[in-house]
Amino acid sequence: MSENHLKQNARSRVKLGQTNLEVSPVGTGTWQWGGAFYWGYGRGYTDEDLAGAYAASIEHGINWFDTAEIYGRGRSETILGRLTNSQKTLSNGSKIISAPLVATKFFPYPWRLHRSSLRRAQNASLRRLETKSIDLYQIHFPIRPRGYEYWLDALAYAAQGGLVKAVGVSNYSTEQTKRAHDLLAQRGVVLASNQVGYSLLNRVVESNGVLDTCRDLGVSVISYGPLSEGLLTGKYRTDNPPPLLRRLRWARKRLKMLPPLIALMNDIASVHNASASQVALNWLIEKGTLPIPGAKSAAQAADNASAMTWQLASDEFEALDEATNRYV
Ligand SMILES: NC(=O)c1ccc[n+]([C@@H]2O[C@H](COP(=O)([O-])OP(=O)(O)OC[C@H]3O[C@@H](n4cnc5c(N)ncnc54)[C@H](OP(=O)(O)O)[C@@H]3O)[C@@H](O)[C@H]2O)c1
């Protein structure tokens, strides 16, 4: 990557919450990397495609990846760790100057009852990621039997231990986010982010208070499922539904309602010489959030990253808002 290219990208970095970490407005999600059951890893796409997705993400200015210990039962972290460590040279022969940031997640399985579970999980993630510290360590869900406050305490402890640079939560409600922010602050730790489902087809965070609360607290909202698992790319229709389990999840009703929205997205995309996916991602950026589209190939990663090269006009943003009001 040339120095000019790096400088260009540096201009588009944003701070992750109130931390010192600087991330690109779009990150790459990696649930697909090793996720065979839901995503079909190993059938429609291979490790070679994922290496392409990784390299294309970086080449097009993305500087962070989101994974989790549960994705592919650790396989996503393993693949990402291998790539961040081996692929230090791009296809054109130039060097990647700085390693990308990695966000991963601890899953509070019901059989995990002690703080030491988080320490062990963290060490296992560090091993798989082949790294000495985790840039952003998130609690995946606020689930029982251990209350989420218990795990926040363990997370604060991990942050103070120096093996974690920033901490975040995921799928936290308004009240849980406020409590997490306050509990961590009491321990001198900053809550960097809340990772939630957010897209043109899922705008619940606008009505349940999560978006406003995070904005007020200076906590970044990381938007997962930003393409509604592929629906907002425009490639799926009732006569061409998504494969595998996504077909059951999204089939029929949602797909039937899609065409007018996709038509609007394509109209906007054509003005910017872009894709419907980029329109979906730009709308989330305009909402002040950090989308992390999952990518299975170099082409998908490059397309998604290109959302960072242009912006929606205000009337385009409003038209998208208007067209998807029913999903608030
Ligand atoms: N914290 C949580 O609870 C949670 C939950 C879910 C996800 N996440 C994170 O959020 C990330 C993103 O969410 P997601 O992966 O579920 O859904 P998504 O980003 O909305 O959709 C990803 C899928 O869309 C298709 N796609 C992506 N870019 C494309 C492009 N430019 N053109 C055409 N198709 C494209 C690919 O599938 P096909 O090609 O097969 O259609 C890809 O697997 C995950 O990878 C994960 O890191 C977190």
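For Gln311 and Ala51, a Förster radius of 35 Å and the Cβ-Cβ distance give a FRET efficiency of 0.70, rounded to the nearest 0.05. The order of Ser133, Ser207, going from fewest to most other C-beta atoms within 10 Å of their C-beta, is Ser207, Ser133.
For the stretch 3-327, the average shadow cast by the Cα convex hull is 16.1 nm², which is a quarter of the hull's surface. Database remark: amide H of Gly29 closer than 5 angstrom to the amide H of Asp66, Gly294, Ala295 (H placed geometrically; neighbours at sequence offset of 5 or more, or on other chains; Pro and chain starts carry no H). Under the criterion of Cα pairs below 8 Å and six or more residues apart, the relative contact order for the chain equals 21 percent. If both residues of a DSSP beta bridge must be in the chain, then about 15% of such bridges are antiparallel.
Secondary-structure-derived ellipticity at 222 nm for the chain, considering helices only, amounts to -13000 deg cm²/dmol, per-run term -39500 (n - 2.57) for DSSP H runs with n ≥ 4. Of Met308, Met265, Met257, the sequence from fewest to most neighbouring Cβ atoms within 10 angstrom is Met257, Met308, Met265. One Cα centroid belongs to the stretch 16-77, the other to the stretch 256-285; the line between them spans 23 Å. Pick from Lys253, Lys105, Lys132 the residue whose mean-square fluctuation is largest in a GNM of the chain, springs joining Cα atoms under 10 Å. The residue that fluctuates most here is Lys253. Near the amide H of Ala166, within less than 5 Å, lie the amide hydrogens of Leu136, Tyr137, all on another chain or at least 5 residues away, with H placed in the peptide plane.
Taking the number of Cβ atoms within 10 Å of each Cβ as an exposure proxy, the fewest-first ranking of Tyr198, Tyr172 is Tyr198, Tyr172. Near the amide H of Leu290, within less than 5 Å, lie the amide hydrogens of Val221, Ile222, Ser223, all on another chain or at least 5 residues away, with H placed in the peptide plane. Among the listed pairs Lys178/Lys287; Lys132/Lys287; Lys165/Lys296; Lys256/Lys296; Lys105/Lys256; Lys15/Lys105, a Cα-Cα separation exceeding 30 Å is found for Lys132/Lys287; Lys105/Lys256. Among complete DSSP H helices in the chain, those whose alpha-carbon atoms stretch at least 27 Å along the helix's long axis and whose mean Kyte-Doolittle hydropathy reaches -1.0 are 253-271.
Every number here is computed from the coordinates shown, using simple stated rules; none is lab data. Remember, predicted model here, so these are calculated numbers, not experimental data. Every residue, glycine among them, receives a Cβ derived from its backbone with ideal geometry; neighbour counts consider all protein chains shown.
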